[in-house]
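Before any comments, here is the structure.
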Amino acid sequence: MKIYQNSSEPIYKQIAAQIREQILTGKLKAGEALPSIRGLAQDLKISVITTMKAYEELSAEGLVTASKGRGYYVNAQDERMLKEQHMRQLEKNLTDAIYSARIAGVGLDEVQQTLETLWNMEE
Amino acid sequence: MKKAIEIKGITKEYKDFTLGEVHAEIPCGFATALIGANGAGKTTLIDILCGVTGKTSGEAEYFGSMTDIDDDSLRNRIGYCSSANFFPMDWTLKTIANSMELGFDNFDRARFAELCKRFKLGDPAAKKQKKLMKLSDGNKMRTYLAAVLARDTELLVLDEPASSLDPLARDLLCDMFREYLSERDGERSVLFSTHNIADMEFATDHAIFMAHGQVIEQGFVEDLKQKYILVHGDGMIADKAKPLMLSFTGNKTSFEGIALAENAEMLRTYDTAIETPTLQQLSVGILRKAEENAEK
C-alpha cells in the first residue's frame, strides 16, 4: 500500500481508496479478512484511529463488514452494487474534468467533443 | 466504547496552582496524547492517575471497574514512567532488571534484554555496567522505556517520553506504541503527555488538551480534524474573518488560525484558504485560544 503523508487527501481516504480498488477488481475476494486495524497501523506507521476510519468508510459503503471482536471481512459484491461503485468513481472523475474545463474556460460543447474523441480512441 | 481510564472530576489544590475539575476519558485500545503548554497540569494529572501524588477530590475508574490505585493488582496492569529521574542514578541495567523483577510479577528479563539491544543500550547481563548518571538524557529515557515495556501491562502511562529523544528514537518510540497496541488488538492503551505533538502525530489516536489546569478540548483526532478547519487569508480581509475564528494571529500581509468547520462556507466567501489542520496546527490553535481567553 502506498500512502502520501503530506497530501491534502486525508490518509484514511487514501487507504480506503486502495482497499476499495482491491475489492472491486477482485484482488480481495469475498470472505477474506482485512488486516487487523492495529496491525495495518503498525505496518503503515500511522495512527490506529486513521485505519479504523478507513475501514468504517468501507463498511458504510457495504464493501466490508465488521465482525465483532474478529475484525473486518470482505462482503460478496453483487453486480448492481459494483456498478454503483464504478458509477461513483466515474462521477468523481467527470467532476474533476468539469473543474478543469471551468478553469480553462472550455464550454460544454467542447468537453463533449473531447470526450467523444477520447472515447473513440479507446475503442 | 470501552475505557482504559475514566476521570471523574479530579481536582488537586496547590498554593499557587489548581488542577481541575478534570473530566476526561482514555479510550481502550488507542494511544491518547495529553497536550498542553508547560505548567498546564499534565504531569500533575499523570502523577495522580498513577498514584504518585494524592488528589484533593474526584475519582478515576480504571478498566471499567477498579478505582483504588494503591491496589497492587491494578498497579500491575499499568506501566508508568515519569520524565523525572525514575530510578536512582547509581543504578545500572543489571540493577534495574533485578529490582523490576522483585517489584513486579510481570517483568520479563529476556524481553528487557531484547529491548535494551533494540534501544542500543547494551546488555543487562554483561559484567561491566554503566551507571545511569553517566548516560545522556536520551539514553536515560530509553532505559526507562525498556524497563516499562518489558512488563506485560495493559496501559502505558508515560510523562513526556519524547522530549529528550532524538528524531530516530522518537520514530522508534512511535513504532513501539503501535506495536504495543497491536500485540493485543484492542486490549491495550497508551497515555502519554507532550508539549510538542508534531513528532507524535502519526502515533496519536485521541487527544486531551490542557491549559491552566483545565481540560479545554478532547476527542479522537480524526473527529477533531473534522470539527476544526485551518484558515489562511490575506491581511486585507482579516477584519471580516476574525469574528468567525477561534484563534487568530496575523499582520497586514496575512493571517491564520483555526475555526469551527461549520463556519467554512462563510469564510470561503471571504476568499480564505481552508485546509484540514494537522494535529500540530490544531494544538497551536486550541492552546492559543486558551491563552487569549486567559488574557481577557
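The values are calculated or read from the model by the stated rules, or taken from the named source; none is laboratory data. All values reported here derive from a predicted model rather than from experimental measurement. Cβ coordinates were reconstructed from backbone atoms using ideal geometry, including for glycine residues, and neighbour counts include every protein chain displayed.
Could you check, for the range A:25-37, whether at least one of its residues is of a type in the set (Asp, Glu) and over 23 Å from B:Val190 (Cβ atoms)? Yes; the residues of the range A:25-37 include at least one that is of a type in the set (Asp, Glu) and over 23 Å from B:Val190 (Cβ atoms).
Candidates in the range B:178-202 are the residues that are of a type in the set (A, V, I, L, M, F, W, C) and modelled with pLDDT of 95 or more; of these, the one that is farthest from B:Ser83 (Cα to Cα) is B:Leu181. Per the listing B:Ile46, B:Ile35, B:Ile96, the residue uniquely outside the structural domain of B:Lys289 (by TED's automatic domain parsing), closer than 21 Å to B:Lys140 by Cβ and in contact with a helix residue (DSSP H, G or I) (Cβ under 7 Å, 6 or more places away or on another chain) is B:Ile96. Residues of the range B:115-132 that are in contact (Cβ under 8 Å) with a residue 12 or more places away in the chain and either assigned to a helix (DSSP H, G or I) or of a type in the set (Phe, Trp, Tyr) (or both): B:Leu115, B:Cys116, B:Arg118, B:Phe119, B:Leu132. Looking at the structure I just gave you, is B:Thr44 under 19 Å from B:Leu173 (Cβ atoms), buried (at least 21 other Cβ atoms within 10 Å of the Cβ) and of a type in the set (Ser, Thr, Tyr)? No; evaluated as a whole, the condition is false for this residue.
So, in the range B:262-277, how many residues would count as being of a type in the set (Gly, Ala, Ser) and either loosely packed, with under 13 Cβ neighbours inside 10 Å or in a helix (DSSP H, G or I) (or both)? Residues that pass the stated criteria total 1. Only a single criterion out of (1) at pLDDT 95 or above; (2) not in a strand (DSSP E or B) is not satisfied by B:Ala259, namely (2).
Taking the range A:31-54 as the range and being away from chain B (no Cβ under 12 Å) and within 17 Å of the chain's Cα centre (by Cα) as the test, only A:Leu34 passes.
Could you please find all residues in the range B:1-26 being buried (at least 19 other Cβ atoms within 10 Å of the Cβ) and within 14 Å of chain A (Cβ to nearest Cβ)? Result: B:Ala4, B:Ile26. Among the residues making up the range B:196-221, those that are within 17 Å of B:Leu45 (Cβ to Cβ) and away from chain A (no Cβ under 13 Å) are B:Ile208, B:Phe209, B:Met210, B:Ala211, B:His212, B:Gly213, B:Gln214, B:Val215, B:Ile216, B:Glu217, B:Gln218.
Is it the case that some residue within the range A:9-19 is touching a Ser or Thr at 6+ places or on another chain (Cβ under 9 Å), assigned to a helix (DSSP H, G or I) and aromatic (Phe, Trp, Tyr)? Looking through the range A:9-19, at least one residue is touching a Ser or Thr at 6+ places or on another chain (Cβ under 9 Å), assigned to a helix (DSSP H, G or I) and aromatic (Phe, Trp, Tyr). Among the candidates B:Leu230, B:Leu246, single out the residue that is outside any helix (DSSP H, G or I), within 27 Å of A:Glu9 (Cα to Cα), of a type outside the set (S, T, N, Q) and within 14 Å of chain A (Cβ to nearest Cβ). Of B:Leu230, B:Leu246, the one residue that is outside any helix (DSSP H, G or I), within 27 Å of A:Glu9 (Cα to Cα), of a type outside the set (S, T, N, Q) and within 14 Å of chain A (Cβ to nearest Cβ) is B:Leu230.
For the range B:15-74, filtering for residues that are over 16 Å from the mean Cα position of the chain (by Cα) and more than 19 Å from B:Ala211 (Cβ to Cβ) leaves 24. Exactly one residue among B:Ala238, B:Ala203 is over 19 Å from B:Ala290 (Cα atoms), more than 22 Å from the chain's Cα centre (by Cα) and of a type in the set (Gly, Ala, Ser), and that residue is B:Ala238. Which of the residues spanning the range B:150-195 are within 14 Å of chain A (Cβ to nearest Cβ), surrounded by fewer than 19 Cβ atoms within 10 Å (Cβ to Cβ), not in a helix (DSSP H, G or I) and not charged (D, E, K, R)? Scanning the range B:150-195 gives a single hit, B:Gly186.
Note on the range A:47-123: enclosed helices (runs of 4 or more DSSP H) holding 2 or more residues that are surrounded by fewer than 13 Cβ atoms within 10 Å (Cβ to Cβ) are A:79-104, A:108-122.
Name the residues in the range A:65-111 that are under 26 Å from the mean Cα position of the chain (by Cα) and over 30 Å from A:Ala33 (Cα atoms), would you?
From the range A:65-111, those under 26 Å from the mean Cα position of the chain (by Cα) are A:65-103, A:111; that's our starting set.
Across the range A:65-111, the qualifying residues are A:Leu94, A:Thr95, A:Asp96, A:Ala97, A:Ile98, A:Tyr99, A:Ser100, A:Ala101, A:Arg102, A:Ile103, A:Val111.
Within the range A:1-30, the set of residues being facing another protein chain (nearest Cβ under 7 Å) and either crowded, with 21+ Cβ neighbours inside 10 Å or over 17 Å from the mean Cα position of the chain (by Cα) (or both) comprises A:Tyr12 only.
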